[in-house]
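First the structure, in the form of structure tokens, and then the observations on it.
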Amino acid sequence: MKNIFILFIALLFLSCQQATQEYVKIEGQIFGTYYHVIYEPVQQTDSLDKGVLQVLKNVDWSLSTYKDTSTISKFNFSEKGSRADAMLEKVFLKGQEIYRNSDGAFDMTVAPLVNAWGLGFKKKDSITSELIDSLLLFVGMDRVRLQNGYLEKDKPNIMLDASAIAKGFGVDEAADYLASQGIKNYMVEIGGEIRAAGVNSKHIPWRVGIDKPIDDKVALNHDLQAILSLSSVALATSGNYRNFYTDNGKKYAHTIDPKTGYPVQHSLLSATIIAPDCMTADAYATACMVMGVDKSYELIETLPNAEGYFIYVDEQGENQVKYTTGFENLIVE
């Protein structure tokens with residue numbers, strides 16, 4: 001459900017200008033989007049494209065709600081729960097952690113609401129307050145428990161949606177695979193979610209651009225808000241200015257507030273989160289889009305090894321930027 005608004009300029013422009021042949025590029029399609037990988041091989045004969053793709057396919061078969069036989073779909077279709085594989089277990093535990101830290105702003109059980117609003121893996125329902133109230137009975141990560149590798153749920157209609165964390169997790173899995181093959185210098189990007197290590201082919205930290213919010217649903221126009229220097233960190237961005245739909249002349253954001261059941265309506269346009277791993281950054285970026293700029297800033301400031309960059313609209317309708325104390329060190333222009 002989530003669109004990411006990062007220009008992967010490290011791949012397309014900055015990092016590959018005057019690139020040498022020592023660095024290898026891999027790209028393809030996964031999770032309904034594209035992935036790009038750049039790395040310096042240990043040996044020039046190394047080819048890790050098949051390994052990277054297999055890792056990403058494994059993630060898809062675990063966490064995709066669009067595959068009826070995926071691990072997460074088996075849980076969603078079950079009456080009382082089902083066994084979790086290692087990937088779903090890891091993602092669920094991280095989701096629980098961020099659910100608690102964000103006071104429920106990040107909630108993987110939001111799936112029934114996301115589907116009702118036509119933003120998930122089912123067609124949009126006719127929205128009424130009665131429908132939303134009924135669906136809220138199935139929302140809340142405290143309604144799901146992981147015990148000895150088995151996910152239990154309180155009610156049959158409870159479903160999990162990993163779309164706000166799966167791409168970040170996929171980035172981590174691909175990055176971990178590269179590291180396991182002895183790769184020290186790499187960048188992995190999936191749909192704008194990024195993890196980088198070491199240096200690029202110009203022997204400097206990787207360069208990544210943050211998009212300036214532009215009301216352009218088809219994403220044909222890009223303008224940069226800032227350029228960052230990244231190494232040994234992950235980055236994810238969530239925003240509402242491109243991923244929305246219009247019903248009876250009213251624009252609805254794609255981010256659903258798990259507490260109210262309705263799309264969020266506040267001044268925050270996008271949240272970019274830096275964290276040690278990408279699934280953490282991915283999930284917190286979504287939580288921030290639920291919480292709004294002030295609460296998001298307060299939360300990210302309290303987290304160790306995390307930074308946030310928030311673009312919002314002020315009372316005069318002008319775009320403004322607010323970022324945590326350590327984020328400035330990452331900005332190169």
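The values are calculated or read from the model by the stated rules, or taken from the named source; none is laboratory data. Not measured: the values here are computed from a predicted model. Cβ coordinates were reconstructed from backbone atoms using ideal geometry, including for glycine residues, and neighbour counts include every protein chain displayed.
Among the residues of the stretch 226-253, those identified as assigned to a strand (DSSP E or B), surrounded by 16 or more Cβ atoms within 10 Å (Cβ to Cβ) and modelled with pLDDT under 85 are Gly239, Phe244, Tyr252, Ala253.
Name the single residue that is farthest from Leu113 (Cα to Cα) among those in the stretch 254-313 being among the charged types (D, E, K, R), in contact with a Gly (Cβ under 8 Å, 6 or more places away or on another chain) and crowded, with 18+ Cβ neighbours inside 10 Å. The residue in question is Glu307.
Residues in the stretch 160-178 that are of a type outside the set (A, V, I, L, M) and out of contact with any Phe, Trp or Tyr (no Cβ under 7 Å at 6 or more places or on another chain) were compared, and the one that is surrounded by the most Cβ atoms within 10 Å (Cβ to Cβ) is Gly168. Does at least one position in the stretch 19-32 carry a residue that is surrounded by 21 or more Cβ atoms within 10 Å (Cβ to Cβ) and at pLDDT 95 or above? Within the stretch 19-32, not a single residue is surrounded by 21 or more Cβ atoms within 10 Å (Cβ to Cβ) and at pLDDT 95 or above. Residues in the stretch 41-54 that are crowded, with 19+ Cβ neighbours inside 10 Å and at pLDDT 95 or above: Val52 alone.
For the stretch 101-128, filtered to residues that are farther than 14 Å from Met159 by Cβ and among the β-branched types (Val, Ile, Thr), the residue that is modelled with the highest pLDDT is Thr128.
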